[in-house]
Amino acid sequence: MKLQGKKVVLLGGTSGIGLAVAQAATAEGAEAVIASSNPGRVDEALAALPAGSTGTVVDLLDADAIARFFETVGAFDHLVYTAGEGLKLSPLASMSLDEARTFFELRYWGALGAAKAAHGKLRPGGSIIFTSGIAGARPAPGWSVAASICSAMEGLTRALAVELAPLRVNIVSPGVVRSPLWRGMDDEVRSAFYADQADRLPVRHVGEPDEVAEAYVYLMAQTYGTGQTLVVDGGGVLV
């Protein structure tokens, strides 16, 4: 039980990769504390987690609310940030800059605010794990905003690994994962997208949340890596 007795706080841990990380961490003996702005998702996630897990509704963009949340949590061992709205891809010519800015709010500024509020509560040997994506390394047309956010998050990870040492700060960079991230697509379009991605990937399938969750557990359990981007993409950056 790699995480026996550890307390893990997961912001965005109510669906997709975040919930899978909570499930994987509790399977390794951790106590999970999940937080989301959606009350229904908090309840659904707690129903999928073992007894002893707790959940809180909190606005991840409200600095005061985040500070109060971490005061309530108290000392803990690992912070996992997977919060993010569904992606919306847009060519530069038709992009709304105002809309593009909103995508940074939760994915970047929310993560930075969480780290600011939480780092003083982390126990010795603890860590922060953020989330990016391979768009930063291998963008496609229409991915300029997503690629920018991913790259910004990876830069933030390296900077905080230096500033907050010996606290470890790392980031997981998933490829295409079958998760609510793509809920903005029509069902037929989404299925075709998954099938196309599976055909081109060396592993011949898109990722599942539980596959990617193992990367977060690894980064929590090991003690010698910091400032690192752990890519889990089925070979996506290669093709």
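A few points about this structure:
- Once Rg and the Kirkwood radius are both taken over the C-alpha atoms of the stretch 170-235, their ratio Rg/Rh works out to 1.05.
- Counting Lys and Arg as +1 and Asp and Glu as -1 over every other residue whose Cβ lies under 15 Å from the Cβ of Asn38, the net charge comes to -3.
- Expressed as a whole percent, the accessible surface of the chain that belongs to carbon and sulfur atoms is 54, based on a 1.4 Å probe.
- Amide N proximity, the stretch 141-173 versus Glu85 label position 7 Å along Cα-to-Cβ, cut-off under 14 Å: 146
- Taking Cα centre as origin and charging only the Cβ of basic (Lys, Arg, +1) and acidic (Asp, Glu, -1) residues, the dipole magnitude of the stretch 110-177 rounds to 180 debye.
- With Cα atoms, 0 to 90° folded angle of helix 209-221 axis to the chain main axis: 40 degrees
- Modelled spin labels at Met1 and Phe104, positioned 7 Å past Cα toward Cβ, are 4.4 nm from each other.
- Segment Asn38-Ser151, length gained on full extension (0.36 nm per residue, minus Cα span): 38.0 nm
- Relative contact order (%) - the chain, alpha-carbon pairs under 8 angstrom, separation at least six: 20 percent
- Counted by Cβ distance under 14 Å from Thr223, the other residues give a net charge of +3, where Lys and Arg count +1 and Asp and Glu count -1.
- Rounded accessible area per residue of the stretch 100-239, 1.4 Å, Å²: 49 Å²
- Compared with the dominant Cα axis of the chain, that is its longest principal axis, helix 63-73 is turned about 50°.
- For the chain, the longest principal axis of the alpha carbon atoms and the long axis of helix 187-200 meet at an angle near 90°.
The values are calculated or read from the model by the stated rules, or taken from the named source; none is laboratory data. In this text the structure is predicted, and so the values were computed from the model without any measurement. Glycine also receives a Cβ, built like all others from the backbone with ideal geometry; neighbour counts cover every protein chain displayed. For accessibility, only protein heavy atoms count, side chains too; no ligands or nucleic acids. Shrake-Rupley method; radii C 1.70, N 1.55, O 1.52, S 1.80 Å.
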